[in-house]
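Shown next, in structure tokens, is the structure this report addresses.
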Amino acid sequence: MSVPRTLGDLRRSTFSEERLRTRRVKDELRDNLISRLDEKGDASVFPGIVGYDDTVVPQIINAILSRHNFILLGLRGQAKSRILRALTTLLDPQVPYLAGCEIHDSPYAPICKRCRDLVAQMGDAAPIAYLSPDDRYVEKLATPDVTIADLLGDIDPIKAARGGHELSSELTVHYGLLPRANRGIFAINELPDLAGKIQVGLFNIMQEGDVQIKGYPIRLPLDVALVFSANPEDYTARGKIITPLKDRIGSEIRTHYPSTIEEGIAITAQEAWTRRNGNKMHLPQYVQQVIERIAFAARDDKKIDKRSGVSQRLPISAMENVISNAERRAIRNREKLVVPRISDIYAALPAITGKLELEYEGEMKGADFVGRELIRAAIAKTYDEYFTGANVQQIVQWFDLGGEIQLSDSISATDALENLRGIQGLIDKLGPLGISQKESPEQQVSGAEFVLEGLHAHKRIGRNEERVFKAGEKKPEPVREKAFDPDEKPYRQRRQFN
Ligand SMILES: [Zn+2]
């Protein structure tokens, strides 16, 4: 489709002065949002954002309808940046500006001197160029060393000398990120990390449309939708945000982690790289549930820093590593079917530990230890979901009578299955997992290993570092079946008195 290339043609097109002159970015977002809501309803506004339909999404819709600048308050890994980026889908497919303008001036109301001079000289022959929605999104991570020059601009003495301009002339300004986001969306992540002086500059631009650069007042009535993100505690901490800036942020919207395991699984399934070239994969549901519960358990664990939170990136990277470990086993054993096991989750510790910010107690125990504890708690809970009330006495007894079995994470499914068949009452107990003896050896082994890991997580049987399952360190007395209780103390360790 050909578009007008000069100001004169533009006037006679659908990009008429009448339509564009007063249509600011926030009007554009609002108009496009309204037509989308009209066509498809609330859920369509942020496709791919799971679990926010009843909480975050309606609040963002209201903020945009209100033409507010807004801030998303939330811990890391709560899709804040993703939501902000998705705002570009509410921008027009293309918007005209005066070609060559560094701050994308509107052809009908240029704010920079270069463009005012240009239109005065060339009139309707002034050349027009276009911006796509992506061109109109500028993002900046705030850090304490961000300067006025970075964000707003600087006086460029060389430009002044070359052009023969006064230093205070607008033509000598080297524009910073914010003016370059003119007629678009400017997102600042971690707003409280911005120095107070810069916040004042930001406020002046929002409020008065002017700014002082190195003492020279520069008038810049920008048209920008400002959006921010921050950690809630930083944002509410006294003195971190200057009050007038806070007042100019129309809506504060709290994000959150998935509220149910199912939502977490849906996000992880969407984000993790699971569809790979190579062998066919079967990803058991209980493996997905355990991975997701690691994040849930971590968010509740007092050994982990509440302030920074536990990102949804933890289960996502863990899932990718789990599948890779299963892939590696399949390649090694020349198996055609990739089926992740619980041992693959332990092998995925490198994808887990880095995402935990530990408190003092956690630091003392070490990230590996904390990670293993979380996996174990997640296994115990997931096991209960399938096997509460199941009679597993026979299996426990097999171990109590001296049975031992090694299940390394690299053992082939056929070898493992042969060994596992030796445990009476195990392989025929996998019904709750939907696994019968007709299923592939890979699936049966994964299911049986999950049962053993579950019993181990409940301390009914033992397991050492070499992944040898054996009798638990408990007195061989009848144990009654009961659900996992996270507050329950471990079985008493046998003490040696001598
Ligand atoms: Zn301009």
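Points worth noting:
- Matching entry among Ala297, Ala347, Ala326 (being touching a strand residue (DSSP E or B) at 6+ places or on another chain (Cβ under 6 Å), of a type in the set (Gly, Ala, Ser) and in contact (Cβ under 8 Å) with a residue 40 or more places away in the chain): Ala326
- Residue match in segment 1-9 (condition: modelled with pLDDT under 90 and either of a type in the set (S, T, N, Q) or surrounded by fewer than 17 Cβ atoms within 10 Å (Cβ to Cβ) (or both)): yes
- In the set (1) in contact with a Ser or Thr (Cβ under 9 Å, 6 or more places away or on another chain); (2) loosely packed, with under 14 Cβ neighbours inside 10 Å; (3) part of a loop (DSSP other than H, G, I, E, B); (4) not aromatic (Phe, Trp, Tyr), Leu283 fails one condition alone, (2).
- Of the helices (runs of 4 or more DSSP H) lying entirely inside segment 307-415, the ones with 2 or more residues being more than 24 Å from Gln443 (Cα to Cα) and among the small types (Gly, Ala, Ser) are found at 367-387.
- Residue match in segment 235-245 (condition: within 17 Å of Leu178 (Cα to Cα), aromatic (Phe, Trp, Tyr) and outside any loop (DSSP other than H, G, I, E, B)): no
A quick yes/no check of all residues on (1) touching a helix residue (DSSP H, G or I) at 6+ places or on another chain (Cβ under 6 Å); (2) within 21 Å of Lys246 (Cα to Cα); (3) modelled with pLDDT of 95 or more; (4) crowded, with 18+ Cβ neighbours inside 10 Å:
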| position | (1), (2), (3), (4) |
| --- | --- |
| Ala142 | yes, yes, no, yes |
| Pro157 | no, no, no, no |
| Leu171 | yes, no, no, no |
| Pro179 | no, yes, no, yes |
| Gly196 | no, yes, no, no |
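- Selection within segment 113-134 - within 42 Å of the chain's Cα centre (by Cα), more than 15 Å from the ligand (Cβ to nearest atom) and not hydroxyl-bearing (Ser, Thr, Tyr): Pro133, Asp134
- Selection status of Ala377, modelled with pLDDT of 95 or more and of a type outside the set (D, E, K, R): yes
- Gly425 falls short on exactly one of the conditions (1) more than 16 Å from Ile342 (Cα to Cα); (2) part of a loop (DSSP other than H, G, I, E, B); (3) in contact (Cβ under 8 Å) with a residue 60 or more places away in the chain; (4) not acidic (Asp, Glu), and that condition is (3).
- Some residue of segment 257-266 being in contact with a Leu (Cβ under 9 Å, 6 or more places away or on another chain), within 22 Å of Leu73 (Cβ to Cβ) and surrounded by fewer than 21 Cβ atoms within 10 Å (Cβ to Cβ): yes
- The one condition from (1) at pLDDT 95 or above; (2) aliphatic (A, V, I, L, M); (3) more than 29 Å from Leu10 (Cβ to Cβ) that Ala129 does not meet is (3).
- Qualifying position, being away from the ligand (no atom under 16 Å from the Cβ), within 23 Å of Asn182 (Cβ to Cβ) and not in a strand (DSSP E or B), among Pro58, Pro110, Pro47, Pro93: Pro93
- Residue in segment 24-64 that is farthest from the chain's Cα centre (by Cα), counting only those that are surrounded by 17 or more Cβ atoms within 10 Å (Cβ to Cβ) and farther than 23 Å from Ile249 by Cβ: Gly51
- Considering residues of segment 269-310 that are modelled with pLDDT of 95 or more and of a type in the set (Val, Ile, Thr) only, the residue nearest to Pro232 (Cα to Cα): Ile294
- Segment 442-471: number of residues that are assigned to a loop (DSSP other than H, G, I, E, B) and crowded, with 21+ Cβ neighbours inside 10 Å: 2
- For segment 216-234, the candidate set comprises residues that are among the hydrophobic types (A, V, I, L, M, F, W, C) and in a strand (DSSP E or B); within that set, the residue that is nearest to the chain's Cα centre (by Cα) is Ala230.
- Flag for Ser324 being surrounded by fewer than 21 Cβ atoms within 10 Å (Cβ to Cβ) and at pLDDT 95 or above: yes
- Considering Asp300, Asp384, Asp344, the condition of being buried (at least 20 other Cβ atoms within 10 Å of the Cβ) and either among the acidic types (Asp, Glu) or out of contact with any helix residue (DSSP H, G or I) (no Cβ under 8 Å at 6 or more places or on another chain) (or both) is satisfied by Asp344 alone.
- Glu39 being in a helix (DSSP H, G or I), free of Cβ contacts under 8 Å to residues at least 12 places away in the same chain and among the charged types (D, E, K, R): yes
- Just one of the listed residues (Ile83, Ile71, Ile103) is within 10 Å of the ligand (Cβ to nearest atom) and of a type in the set (Val, Ile, Thr), and it is Ile103.
The values are calculated or read from the model by the stated rules, or taken from the named source; none is laboratory data. Here the structure is a predicted model, which means the values were calculated and not measured. When we count neighbours, we look across all protein chains shown, and the Cβ atoms used for this are built from the backbone with ideal geometry, even at glycine.
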